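Below is one structure, written out as structure tokens; comments come after it.
The values are calculated or read from the model by the stated rules, or taken from the named source; none is laboratory data. Predicted model, so just to flag it, every value in this text is computed and none were measured. Cβ atoms come from the backbone with ideal geometry, glycine included; neighbour counts cover every protein chain shown.
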Amino acid sequence: MNRPAGAPGVASVVILTKNGIRHIGEVLEGISSQPLGCEVIAVDSGSTDGTLDVLAAHGVKVVKIRPEEFDHGLTRNLGAENASPGSRYIVFLTQDAVPEEGWLEGLIRPMEEDPEVAGVFSRQVPRQGGSPIVRRYMTEVWEQCGGPERVVKKITDPDDYRRRTKWYVTFADPSSAVRREVFERIPFRRADFAEDVMWARDVLDAGYKLVYEPASRVVHSHDYTLVEQLRQNFDDASALSGITGAGSGKGRPLMRLPGKLWRDAVYIWRGGGTLYYRLRWALYVPLWHFATLSGTFLGMKKDRLPGWLAGLFSRQAGIKKGRRAGKV
């Protein structure tokens, strides 16, 4: 029997919502199907599409804020502050990340087994029918996104940490869980973007471990337009370059590009489908990489751009101002 989404338990699930009607019902059903009990708290920043009705039907506790108050870090902190006192873990989930069987247990188990683990994040499974390029990168390239092996991270070698900071601080809030007693001492910082990476760096610097746990799975992926792909990577690069110094190796992305294009084309061709489907996606690959690299390059140079131009390139800035749709 499914539990109500508002049932108390070992964890409190915090979801940030705004016009999430497309997937929010699936998300709440996925939470309710988990054998471990949990409550659900939604922090809603101005939904007008029926999302609030779905939340009410599932017994979710809703905290409302004005759209202009939204902040990726502080809004999640607000959700955690509204968790029941008995919850030992706070789970963060986006409104379009659909939990699969064993999701919650997979997130909680590493922290139950090891008191040094401060946070755990889930494997993300691409949606059916989406872009084969995104599917390849999620399942074959991005180790801490769709990889099949557990990754445990702790700073034991400072030199290695400096060399591979980006690898260490990877932490994904589409589906993650944090130990509440640690989070109360080290909450998210105020952040327009990459609050999860900032938090990961803070807890690693404090001596804790982080775990990527593939046994916890959510269905979650995005097929951005080329313009949105550029804007998303602009935000990624501008945030990460400030946190980790990533992207300092000039020229290397372009040197690796021919190999990427070839492997992408082979993946698409071997993936089946009609001749038209395979040719269309194979021809799309260079455009996708151009948008990705352009956004990354511009994001690394954000501080040198006029404010109005940086705002135009930023996807998050557009979402916050209501110029385009987006997910929180």
TODO: For Tyr208, state whether it is touching a strand residue (DSSP E or B) at 6+ places or on another chain (Cβ under 9 Å) and surrounded by 15 or more Cβ atoms within 10 Å (Cβ to Cβ).
DONE: yes
When the range 176-208 is checked residue by residue, the ones that are farther than 27 Å from Glu68 by Cβ and small (Gly, Ala, Ser) are Ala177, Ala200, Ala206, Gly207
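Quick check on Thr156: is it free of Cβ contacts under 8 Å to residues at least 24 places away in the same chain and touching a helix residue (DSSP H, G or I) at 6+ places or on another chain (Cβ under 7 Å)? Walk me through it before giving the result.
Details: free of Cβ contacts under 8 Å to residues at least 24 places away in the same chain: yes; touching a helix residue (DSSP H, G or I) at 6+ places or on another chain (Cβ under 7 Å): no.
The answer is no for Thr156.
Residue-wise test of (1) within 27 Å of Gly130 (Cα to Cα); (2) out of contact with any Pro (no Cβ under 8 Å at 6 or more places or on another chain); (3) of a type outside the set (S, T, N, Q).
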{"residue": "Gly242", "(1), (2), (3)": "no, yes, yes"}
{"residue": "Lys260", "(1), (2), (3)": "yes, yes, yes"}
{"residue": "Leu275", "(1), (2), (3)": "yes, yes, yes"}
{"residue": "Arg278", "(1), (2), (3)": "yes, yes, yes"}
{"residue": "Tyr284", "(1), (2), (3)": "yes, yes, yes"}
{"residue": "His289", "(1), (2), (3)": "yes, yes, yes"}
{"residue": "Thr296", "(1), (2), (3)": "yes, no, no"}
{"residue": "Met300", "(1), (2), (3)": "no, yes, yes"}
{"residue": "Ala310", "(1), (2), (3)": "no, yes, yes"}
| said: Would you confirm whether or not the range 172-179 contains a residue that is in the same structural domain as Leu210 (by TED's automatic domain parsing) and part of a helix (DSSP H, G or I)? | reply: no
message: Scan the range 20-35 and tell me whether some residue there is farther than 23 Å from Cys145 by Cβ, modelled with pLDDT under 95 and either loosely packed, with under 15 Cβ neighbours inside 10 Å or outside the structural domain of Arg150 (by TED's automatic domain parsing) (or both).
response: yes
Checked the range 95-122 for anything touching a helix residue (DSSP H, G or I) at 6+ places or on another chain (Cβ under 9 Å) and closer than 17 Å to Ala200 by Cβ; matches are Val117, Ala118, Gly119, Val120, Phe121, Ser122
Gly50 vs (1) more than 22 Å from the chain's Cα centre (by Cα); (2) closer than 22 Å to Glu112 by Cβ: all pass except (2)
Restricting attention to the range 119-144, the residues that are over 26 Å from Gly272 (Cα atoms) and crowded, with 24+ Cβ neighbours inside 10 Å number exactly 4
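Look through the range 145-181, keep the residues that are of a type in the set (Val, Ile, Thr) and buried (at least 21 other Cβ atoms within 10 Å of the Cβ), and return whichever of them is nearest to Asp264 (Cα to Cα). First the steps, then the outcome.
Residues of the range 145-181 of a type in the set (Val, Ile, Thr): 151-152, 155-156, 165, 169-170, 178.
With buried (at least 21 other Cβ atoms within 10 Å of the Cβ) added as a condition, the list becomes 169-170, 178.
Details: Val169: 27, Thr170: 24, Val178: 35 Å.
Checking each candidate, the answer is Thr170.
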